[in-house]
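K.L.:
Before I ask anything, let me first share the structure, which is written out below as structure tokens.
The values are calculated or read from the model by the stated rules, or taken from the named source; none is laboratory data. Not measured: the values here are computed from a predicted model. In this analysis, Cβ positions are derived from the backbone assuming ideal geometry, glycine residues included, and neighbour counts consider all displayed protein chains.
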Amino acid sequence: MKQVHNFNAGPCVLPKEAINNAIEALKDFAGTGMSVIEVSHRSKEWQAVMDETEALWKEILNIPDGYKVLFLGGGASLQFLMVAMNFLEKKAAYLETGVWAKKALKEAKGIGEAVCVASSADTTFNYIPKGYTIPTDADYFHITTNNTIYGTEIHEDITSPIPLIADMSSDIMSRPVDVSKYVMIYGGAQKNVGPAGVTFVIVKEDALGKVSRYLPTMLNYKTHIENGSMFNTPPVFSILVMNETLKWVKRCGGLKAIQKINKEKADLLYNEIDRNPMFVGTAEKESRSVMNICFVMAEGYKDKEDAFMAFAKENGMVGIKGHRSVGGFRASLYNACPIDSVKALVECMQKFEKLHK
Ligand SMILES: *Cc1c(COP(=O)(O)O)cnc(C)c1O
């Protein structure tokens, strides 16, 4: 197989071991003589995977009692709507830190009153706003902890006077999280915990049931809690790969160990961006994401963008094109991205500097 350095933003690189174990289960699942995609989701073998996957989430993220972990369809994008339907009674408050945050706010506005507490839209979302006031009369405060497109991140669990809800699609499992500070955490799996097709929802049970509107069965978190995420047929293969990915996280030593290596990887690349006169980072330094690292050609080298892209490609780099709204480059250093890939990218930038400066 061709060796590449995969910096895709999502779907993205996953642990090789997780993929290989999933391939085995695709052939013969738990000794059943059938593929995991052929067995009944009501079988005891499958139920064991569901139970183990929820237990792995609880163990690795240290999720307190009173929370449920759900595995749903529809992506983080459907959660934008479900959050508002299940939690918005009078008013909701949102922090607008990027396109995903904007989309979440838009869905809430379709359901009821939703206000934007602060926004960094003025500078293409290159920082996390500070010094804002969370309205205490709102039902919840919604944040996007990592802004995948712009490479900014809320690094600490903030303290909110009202229930806190977070889209953690692109930094879940990258660091320890104090789950007790949130009533709900959700995200699409395809950035750090598995393939597309499954959405994780960590929800505090007693925070539910406070809205008066009719909730359609499939859009009601209680339906999925009562049915162990199997009200309808679950995306078994995606959940299985997620299960294997979480086991890999455990083998790596858990979230403290993962955070340390993630920090090391990000520092390597940011240090090169700051040192190399040909490149410049786009996010404000204190808002810089550990997961998605965005940079452009520096003043005086703008005409070299295509040349660097071609050079990086020749050297095995994949997925480093920046999002069209930011331009330049974006390297996503999710958990499964090996430090050797980051070293290879840094080397590539240094070689390019020698060739062109
Ligand atoms: C990718 C992403 C989404 C969208 O996820 P889907 O599962 O494709 O709907 C939402 N929020 C953030 C922060 C993302 O990175």
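K.L.:
Any residue in region 133-159 that is on the phi > 0 side of the Ramachandran plot sitting within a Cβ distance under 7 Å of a residue that is part of a loop (DSSP other than H, G, I, E, B)? List the pairs, counting only those 6 or more apart or interchain.
P.N.:
Note: pairs meeting the criteria are GLY151/THR282; GLY151/ALA283; GLY151/SER289.
K.L.:
Only one residue in VAL326, VAL342, VAL296 is β-branched (Val, Ile, Thr), under 27 Å from the mean Cα position of the chain (by Cα), assigned to a helix (DSSP H, G or I) and not assigned by TED's automatic domain parsing to the domain that holds TYR127. Which one?
P.N.:
Every option except VAL342 fails the conditions.
K.L.:
Next question. Could you go through region 146-162 and let me know if any residue there is within 21 Å of GLY188 (Cβ to Cβ), within 11 Å of the ligand (Cβ to nearest atom), of a type in the set (Asp, Glu) and assigned by TED's automatic domain parsing to the domain that holds TYR214.
P.N.:
yes
K.L.:
Identify all residues within region 120-140 that are surrounded by 22 or more Cβ atoms within 10 Å (Cβ to Cβ), more than 16 Å from the ligand (Cβ to nearest atom) and hydrophobic (A, V, I, L, M, F, W, C); write none if there are none.
P.N.:
Of everything in region 120-140, just one residue is surrounded by 22 or more Cβ atoms within 10 Å (Cβ to Cβ), more than 16 Å from the ligand (Cβ to nearest atom) and hydrophobic (A, V, I, L, M, F, W, C), namely ALA138.
K.L.:
Hey, among LYS247, LYS256, LYS265, which residue is touching a residue at least 40 places away in the same chain (Cβ under 8 Å), in a helix (DSSP H, G or I) and surrounded by fewer than 16 Cβ atoms within 10 Å (Cβ to Cβ)? I'd like the intermediate steps shown before the answer.
P.N.:
Values: LYS247 fails: surrounded by fewer than 16 Cβ atoms within 10 Å (Cβ to Cβ); LYS265 fails: surrounded by fewer than 16 Cβ atoms within 10 Å (Cβ to Cβ).
Just one listed residue meets the conditions, LYS256.
K.L.:
Are there any pairs, at least 6 apart or on different chains, whose C-beta atoms fall under 7 Å, with the first in region 176-198 and not assigned by TED's automatic domain parsing to the domain that holds PRO235 and the second within 9 Å of the ligand (Cβ to nearest atom) and not in a strand (DSSP E or B), and if so, which?
P.N.:
Close Cβ pairs (under 7 Å, with a partner that is within 9 Å of the ligand (Cβ to nearest atom) and not in a strand (DSSP E or B)) do not exist here.
K.L.:
Right, GLY194: part of a loop (DSSP other than H, G, I, E, B) and within 25 Å of LYS250 (Cα to Cα) or not?
P.N.:
Working: part of a loop (DSSP other than H, G, I, E, B): yes; within 25 Å of LYS250 (Cα to Cα): yes.
Judged against the criteria, GLY194 is a match.
K.L.:
Residues to consider are VAL4, VAL83, VAL69, VAL36; find the one that is out of contact with any strand residue (DSSP E or B) (no Cβ under 9 Å at 6 or more places or on another chain) and outside the structural domain of ALA344 (by TED's automatic domain parsing).
P.N.:
VAL36
K.L.:
Restricting to region 64-97, count the residues that are near the ligand (Cβ under 10 Å from one of its atoms), closer than 20 Å to ARG213 by Cβ and either buried (at least 18 other Cβ atoms within 10 Å of the Cβ) or among the aliphatic types (A, V, I, L, M) (or both).
P.N.:
Qualifying residue count for the region: 3.
K.L.:
Cβ-Cβ distance below 8 Å, separation of 6 or more or different chains: which pairs start in region 39-54 with a residue that is more than 16 Å from LYS68 (Cα to Cα) and end on one that is of a type in the set (D, E, K, R)?
P.N.:
VAL39/GLU45
K.L.:
Examine region 207-222 for a residue that is over 25 Å from GLU89 (Cα atoms), in the same structural domain as VAL36 (by TED's automatic domain parsing) and not polar (S, T, N, Q), and state whether such a residue exists.
P.N.:
No: region 207-222 contains no residue that is over 25 Å from GLU89 (Cα atoms), in the same structural domain as VAL36 (by TED's automatic domain parsing) and not polar (S, T, N, Q).
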